[in-house]
Amino acid sequence: MEVSSYVTRPLSPDTWDDFARLVEANNGVWGGCWCMGFHPEGVGKGHTVSGNRLAKQAHVRNGTVHQILVYDGDECVGWCQYGSPVELPNINNPKAYAKGLGEVPDWRIGCIFTGSGHRRSGVARAAVGAALAAIRDAGGGLVEAYPEQVEGRPAQRGAYFHTGPADLFEEFGFERDRKIAKWRWVMRLRIRS
């Protein structure tokens, strides 16, 4: 793995403005999600862009969010969201997920985002690496991610893998546990503190 010159910091009241600038520069992220999709409130019907922003800010203020921000100099260019299943209960394909569930994870990696103009430059790798280090520092445990398979798949013009590509997680030692959709996997890694 290559060494990155990126710096990482947790999303907190002190870094909120950096996070907000990145989200606003990228159309609210996926049209206004504000990285709320995995949180208990979720997104979609009945939610607004401004409501998502306020809900995310409340999570930051209340300490109910775990998210690593990636900086290129002073500019926030991406993130990796993680948390317990209580913090991040909403995942894609929940029925398929529940069918094969054996051990409930201690941690989930939710979304990964890289700002426009910084993609394919190691931002996601830096974000995931820092999130895993934070999980180790918090005592470790079983970590799950829900990435999409890239190999053997037709080109996804204009698509963005908001949960990351499976091969990124394999670089960190995650193993494919089971498929929960045509191209989506549950991947797991046990981290010892």
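The values are calculated or read from the model by the stated rules, or taken from the named source; none is laboratory data. None of these values were measured; they are calculated from a predicted model. Note: ideal-geometry Cβ built from the backbone for every residue, glycine included; neighbour counts use all protein chains shown.
Residue-level check: of (1) farther than 28 Å from W185 by Cα; (2) free of Cβ contacts under 8 Å to residues at least 40 places away in the same chain; (3) surrounded by fewer than 17 Cβ atoms within 10 Å (Cβ to Cβ), S12 misses just (2). For the stretch 113-163, filtered to residues that are at pLDDT below 90 and charged (D, E, K, R), the residue that is nearest to the chain's Cα centre (by Cα) is E148. Tell me which residues, restricted to the stretch 1-49, are of a type in the set (V, I, T) and over 20 Å from H66 (Cα atoms). Within the stretch 1-49, V3, T48, V49 meet the criteria. In summary, V43 fulfils each of the numbered conditions (1) more than 14 Å from the chain's Cα centre (by Cα); (2) surrounded by fewer than 22 Cβ atoms within 10 Å (Cβ to Cβ) with the single exception of condition (2). Restricting F113, F169, F174 to those that are in contact with a His (Cβ under 8 Å, 6 or more places away or on another chain) and among the aromatic types (F, W, Y) reduces the list to F113. Of the residues that make up the stretch 114-136, is at least one charged (D, E, K, R), over 30 Å from A20 (Cα atoms) and not in a helix (DSSP H, G or I)? Looking for residues that are charged (D, E, K, R), over 30 Å from A20 (Cα atoms) and not in a helix (DSSP H, G or I), one finds none in the stretch 114-136, hence no.
In the stretch 88-111, the residues that are farther than 22 Å from C35 by Cα reach residues that are among the hydrophobic types (A, V, I, L, M, F, W, C) and in a loop (DSSP other than H, G, I, E, B) with C-beta atoms within less than 6 angstrom, at least six apart or across chains, in these pairs: A96/I180.
Checked against the criteria, E144 does not count as assigned to a loop (DSSP other than H, G, I, E, B) and either under 23 Å from V29 (Cβ atoms) or out of contact with any strand residue (DSSP E or B) (no Cβ under 7 Å at 6 or more places or on another chain) (or both).
Among residues that are surrounded by fewer than 17 Cβ atoms within 10 Å (Cβ to Cβ), closer than 25 Å to G102 by Cβ and at pLDDT 80 or above, E175 is included. Before we move on, is S84 farther than 16 Å from F38 by Cβ, under 17 Å from the mean Cα position of the chain (by Cα) and polar (S, T, N, Q)? Answer is no for this residue.
Here I91, I68, I109 are screened, and the one residue that is closer than 17 Å to R188 by Cα, surrounded by 13 or more Cβ atoms within 10 Å (Cβ to Cβ) and modelled with pLDDT of 95 or more is I109. How many of the residues making up the stretch 96-113 are over 16 Å from Y82 (Cβ atoms) and assigned to a loop (DSSP other than H, G, I, E, B)? Residues meeting the conditions: 4. Residues considered: V49, V23. Of these, the only one that is among the aliphatic types (A, V, I, L, M) and crowded, with 18+ Cβ neighbours inside 10 Å is V23.
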